[in-house]
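The values are calculated or read from the model by the stated rules, or taken from the named source; none is laboratory data. All of these numbers come straight from a predicted model, not from anything done at the bench. As a convention, Cβ positions derive from the backbone with ideal geometry for all residues, glycine included, and neighbour counts pool all protein chains shown.
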Amino acid sequence: MKQFLAFVKKEFYHVFRDRKTLLMLFGLPVVQIVLFGFALTNEIKNTKIVVADYAKDAASQQIITKIEASTYFEVEKSILDHQQLEAAFKEGKVKLAVVFPANFNNDLQHLNKAQIQIIADASDPNTANTLTNFVTAIVLDYQKTLMANNAVPYQVAPEVRMLYNPELKGAHNFVPGVMALVLMLVCVMMTSVSIVKEKEKGTMEVLLVSPFKPILVILSKAVPYLIISLINVTIILLLSVYLLDLPINGSVFLLFAESTLLIITALSLGLLISTSTDSQQTAMLLSMMGMLLPTMLFAGFMFPIENMPLPLRIISNIVPAKWYYIIVKSIMIKGLGFSAIWKETLILFGMTVFLLVVSLRKFKTRLE
Amino acid sequence: MDSVTLNNISKTYNKKKVLAVDNVSFSVGKGELFGLIGPDGAGKTSIFRMLTTLLLPDEGTASVDGLDIVKDYKTIRSRVGYMPGKFSLYQDLTVEENLNFFATIFDTSIEENYELIKDIYVQIEPFKTRRAGKLSGGMKQKLALCCALIHKPTVLFLDEPTTGVDAVSRKEFWEMLKRLKQQNITILVSTPYMDEATLCDRIALIQSGKILSIDTPEKIVEAYPGKLYAVKSEKMHQLLKDLQAFEFTGSCFAFGEHVHLSFKDDEKDHQPELLNYLEEHGHKHIELQQITPTIEDCFIKLLKS
């Protein structure tokens with residue numbers, strides 16, 4: 001036990017004396033959260049739109065007020081002709097234009113039919129789609145208030161409720177993803193590199209010729225990274241709660257327990273990589289290619305797995321991050337308990353046992 | 001009882017393509033300072049790694065402290081001290097932290113065996129808060145030796161401890177080894193430096209995985225067949241060429257500022273003839289004298305025979 005503690009202490013010295021790695025370890029989660037939260041967002045917020053109101057009557061004013069009231073838009077009122085509008089679109093200044101023709105209210109009152117033109121910049125199809133949907137919804141809403149006094153014989157009114165994420169925030173999607181990514185990256189890369197470093201520097205040779213059990217070498221390597229990763233999980237959760245206003249709906253304890261499981265999975269994967277390579281560079285590359293890319297692609301937070309072709313969907317099943325992502329989403333966003341995620345937990349657990357057994361069998365007590 | 005025994009040990013690498021150690025047998029007595037002398041790639045490190053249970057031999061058996069290197073590897077690991085050829089301590093840990101770490105790993109403490117390392121440790125103690133990576137080459141070796149000694153091993157394996165260390169530190173290092181010998185620790189040391197061979201009790205000359213000769217340094221020198229001469233003149237390059245062309249030359253090679261020469265036969269004294277021959281070829285200030293061979297001369301002779 002004394003030996004084990006001495007070894008863990010030594011590992012902590014390594015971590016804390018390597019400033020660059022330390023910065024990466026704790027800077028990574030913060031940078032990722034800030035990056036995904038504020039820079040790489042596909043949420044619609046404060047989009048500049050132009051309203052060209054040629055009508056200037058009661059009806060058009062009412063609709064414009066409604067549009068202005070929405071936080072999604074930043075409305076600029078101007079009377080641009082069509083050529084100027086096109087120029088503004090080409091410059092990329094505006095994403096959407098709403099044009100009210102002259103006599104808008106008149107047409108509406110007397111012909112019972114009026115037209116509004118909505119022009120969107122569809123070079124980004126998703127944004128264009130979302131924006132036009134928003135504006136259309138506002139117009140339809142106005143129409144409904146108009147009809148409130150008249151009895152309509154038949155009416156089907158869809159009541160839409162966005163469950164778990166009523167404001168359609170991106171954070172719900174990426175925070176669990178970032179957690180998976182950071183844990184995989186830190187644990188896999190750090191364990192594999194730190195074990196391979198011992199081999200490369202020749203210290204493994206000295207350690208092997210000692211009464212210290214090789215299995216303890218591995219265990220004591222895992223402890224510091226387990227602790228560091230749990231700190232990382234805490235940082236991410238604090239950031240998401242206080243910076244991104246994303247509450248944790250489920251049990252925090254369960255969340256940490258599941259995170260610990262993924263950390264152990266990742267640590268055993270790092271161990272497996274370290275047993276099959278002899279240089280730090282190879283270990284680094286293997287963990288980057290072997291972990292970072294599949295985690296980004298197949299965890300499901302960047303690209304929906306359901307839309308992938310069948311072979312890729314099958315491959316995604318062996319990526320631990322995918323299961324962890326489902327688990328975290330269930331606990332954090334949906335507020336579900338263990339009964340809802342026991343299947344995913346079992347899969348992760350199975351993976352961990354498999355990886356541990358394989359890597360421990362591969363771990364050499366000699367040099368070859 | 002012998003401390004270390006090897007019986008017909010062979011070791012190959014790359015799926016038996018490279019033969020590193022070829023049928024090697026020798027034994028080292030308790031408390032002996034035994035040197036494994038040979039150039040780089042001779043198989044010294046392979047032998048050390050097999051004895052420290054880091055590698056498995058392809059053929060043959062060996063024992064350390066009476067324990068089999070394959071079966072009882074765990075016990076051997078807790079008894080021997082091993083210092084690999086490459087500096088293998090933690091560079092980002094301080095001198096003291098390194099020593100403490102290895103002491104704890106071996107389930108002992110610095111205080112417990114301080115007597116054993118005292119002579120060496122006092123030299124590096126002023127730098128005990130310095131990181132190991134920032135020490136000089138000689139200091140690193142001293143620290144590594146301390147770490148290998150901290151658990152009072154019965155057998156100490158030192159793989160090229162003086163390679164890359166300056167001449168003064170080398171001398172100091174060997175003096176430390178002599179003092180350790182008095183503690184009744186068996187020491188196996190390998191080195192590519194032939195001049196260090198004379199400092200060992202017994203040596204094995206090794207080349208291409210084969211042992212050429214095992215004996216005390218004195219006996220190896222005594223066993224040198226024939227007489228050896230050192231020749232010197234003003235034009236050394238020309239001298240070597242002319243000596244090679246001389247009809248009675250057995251072997252000749254440059255050795256420091258002399259050429260070491262032996263004749264094909266020593267039945268007749270060829271010295272006067274040689275002097276005449278060299279003068280004919282325009283050499284001046286010729287020095288010719290018989291010398292006692294060094295270990296290196298013996299090694300070269302053994303290689304050629």
Q) Within the range B:233-247, which residues are surrounded by 15 or more Cβ atoms within 10 Å (Cβ to Cβ) and either part of a loop (DSSP other than H, G, I, E, B) or aromatic (Phe, Trp, Tyr) (or both)? A) B:Ser233, B:Phe246
Q | Residue match in the range A:318-329 (condition: more than 30 Å from A:Ser210 (Cα to Cα), outside any helix (DSSP H, G or I), away from chain B (no Cβ under 14 Å) and under 22 Å from the mean Cα position of the chain (by Cα)) | A | yes
Q) In the range A:23-33, what residues are more than 10 Å from the chain's Cα centre (by Cα) and either of a type outside the set (Val, Ile, Thr) or modelled with pLDDT under 85 (or both)? A) A:Leu23, A:Met24, A:Leu25, A:Phe26, A:Gly27, A:Leu28, A:Pro29
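Please work out if A:Ala257 is more than 30 Å from A:Lys201 (Cα to Cα), of a type in the set (Gly, Ala, Ser) and modelled with pLDDT of 90 or more.
yes
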Q. Just one of A:Phe301, A:Phe338 is over 30 Å from B:Asp72 (Cα atoms), in the same structural domain as A:Leu272 (by TED's automatic domain parsing) and buried (at least 20 other Cβ atoms within 10 Å of the Cβ); which is it?
A. A:Phe301
Q: Please name all residue pairs, on different chains or six or more residues apart, with Cβ atoms under 7 Å, provided the first residue is in the range A:111-139 and is modelled with pLDDT of 85 or more and the second residue is among the hydroxyl-bearing types (Ser, Thr, Tyr) and in a helix (DSSP H, G or I).
A: A:Ile118/A:Thr132; A:Ala120/A:Thr132
Q. So which of A:Ala122, A:Ala128 ends up being assigned to a loop (DSSP other than H, G, I, E, B) and of a type outside the set (Lys, Arg)?
A. A:Ala122
Q.
Checking the structure you have, find out if any residue of the range B:81-93 is more than 12 Å from every other protein chain (Cβ to nearest Cβ) and either out of contact with any His (no Cβ under 8 Å at 6 or more places or on another chain) or at pLDDT 90 or above (or both).
A. no
Q.
Just the residues that are farther than 27 Å from B:Ala20 by Cβ, modelled with pLDDT of 90 or more and small (Gly, Ala, Ser), please, taken from the range B:160-219.
A. none
Q: Could you give me the residue pairs with C-beta distances under 7 Å whose first residue belongs to the range A:49-64 and is free of Cβ contacts under 8 Å to residues at least 12 places away in the same chain, whose second residue is part of a strand (DSSP E or B) and of a type in the set (A, V, I, L, M, F, W, C) wherever it lies, and which are 6+ apart or on separate chains?
A: none
Q) Going through the range A:217-254 one residue at a time, which ones are aliphatic (A, V, I, L, M), under 22 Å from A:Phe38 (Cα atoms) and not in a loop (DSSP other than H, G, I, E, B)? A) A:Val233, A:Ile235, A:Ile236, A:Leu237, A:Leu238, A:Leu239, A:Val241
**Q.** helices (runs of 4 or more DSSP H) within the range A:1-102 that include 3 or more residues within 14 Å of chain B (Cβ to nearest Cβ) and not aromatic (Phe, Trp, Tyr)
**A.** A:2-17, A:19-34
Q | Selection within the range A:194-216 - facing another protein chain (nearest Cβ under 7 Å) and not in a helix (DSSP H, G or I) | A | A:Gly202, A:Val209, A:Ser210, A:Pro211, A:Phe212
Q | Check on A:Ser279, modelled with pLDDT of 85 or more, assigned by TED's automatic domain parsing to the domain that holds A:Lys329 and within 23 Å of A:Val188 (Cβ to Cβ) | A | yes
Q) Which condition number does B:Asp269 fail, the rest of (1) touching a residue at least 60 places away in the same chain (Cβ under 8 Å); (2) farther than 30 Å from B:Gly35 by Cβ being met? A) (1)
Q: From (1) touching a residue at least 60 places away in the same chain (Cβ under 8 Å); (2) touching a Leu at 6+ places or on another chain (Cβ under 8 Å); (3) away from every other protein chain (no Cβ under 13 Å), pick out the condition that doesn't hold for B:Asp119.
A: (2)
Q) For the range A:119-138, what are the residues that are within 19 Å of A:Asp53 (Cβ to Cβ) and loosely packed, with under 15 Cβ neighbours inside 10 Å? A) A:Thr136
(Q) Based on this model, can you work out whether B:Phe246 counts as under 30 Å from B:Lys181 (Cβ atoms) and either at pLDDT below 90 or not assigned by TED's automatic domain parsing to the domain that holds B:Gly41 (or both)? (A) no
(Q) I'm trying to understand the selection: among the residues of the range B:95-111, which are within 13 Å of chain A (Cβ to nearest Cβ) and not hydrophobic (A, V, I, L, M, F, W, C)? (A) B:Glu96, B:Glu97, B:Asn98, B:Asn100, B:Thr104, B:Asp107, B:Thr108, B:Ser109
Q.
Would you confirm whether or not the range B:39-54 contains a residue that is of a type in the set (Phe, Trp, Tyr) and within 9 Å of another protein chain (Cβ to nearest Cβ)?
A. no
Q. Right, A:Ile273: among the hydrophobic types (A, V, I, L, M, F, W, C) and over 22 Å from A:Ile228 (Cβ atoms) or not?
A. no
**Q.** Residues that are more than 9 Å from chain A (Cβ to nearest Cβ) and buried (at least 18 other Cβ atoms within 10 Å of the Cβ), drawn from the range B:68-78
**A.** B:Ile69
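Can you tell me which residue in the range B:44-59 is surrounded by the most Cβ atoms within 10 Å (Cβ to Cβ), limited to those that are touching a Ser or Thr at 6+ places or on another chain (Cβ under 6 Å) and more than 17 Å from B:Pro192 (Cα to Cα)?
B:Asp58
Matching residues to (1) under 30 Å from A:Ala299 (Cα atoms); (2) in contact with a Pro (Cβ under 8 Å, 6 or more places away or on another chain); (3) crowded, with 19+ Cβ neighbours inside 10 Å:
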position	(1), (2), (3)
A:Leu146	no, no, no
A:Leu185	yes, no, yes
A:Met190	yes, no, yes
A:Ser194	yes, no, yes
A:Glu198	no, no, yes
A:Phe212	no, no, yes
A:Leu216	no, no, no
A:Leu219	yes, no, no
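Does B:His237 fit the bill of being over 30 Å from B:Val24 (Cβ atoms), modelled with pLDDT of 90 or more and not assigned by TED's automatic domain parsing to the domain that holds B:Ala20?
No; evaluated as a whole, the condition is false for this residue.
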Q: State whether the residues of the range B:123-136 include one that is charged (D, E, K, R) and either surrounded by 18 or more Cβ atoms within 10 Å (Cβ to Cβ) or closer than 24 Å to B:Leu51 by Cα (or both).
A: no
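Please enumerate the residues belonging to the range A:256-315 that are part of a loop (DSSP other than H, G, I, E, B) and either farther than 17 Å from A:Gly177 by Cα or aliphatic (A, V, I, L, M) (or both). Before you say what the answer is, go through the steps one by one.
Pass one, the range A:256-315, residues part of a loop (DSSP other than H, G, I, E, B): A:276-279, A:299-304, A:308-309.
A:Ser276, A:Thr277, A:Asp278, A:Ser279, A:Ala299, A:Met302, A:Met308, A:Pro309, listed by residue number.
A quick yes/no check of all residues on (1) within 19 Å of A:Ile326 (Cβ to Cβ); (2) without any contact (Cβ under 8 Å) to a residue 24 or more places away in the chain; (3) surrounded by fewer than 21 Cβ atoms within 10 Å (Cβ to Cβ):
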| residue | (1), (2), (3) |
| --- | --- |
| A:Ala180 | yes, no, no |
| A:Thr203 | no, yes, yes |
| A:Asn232 | no, no, no |
| A:Ile263 | yes, no, no |
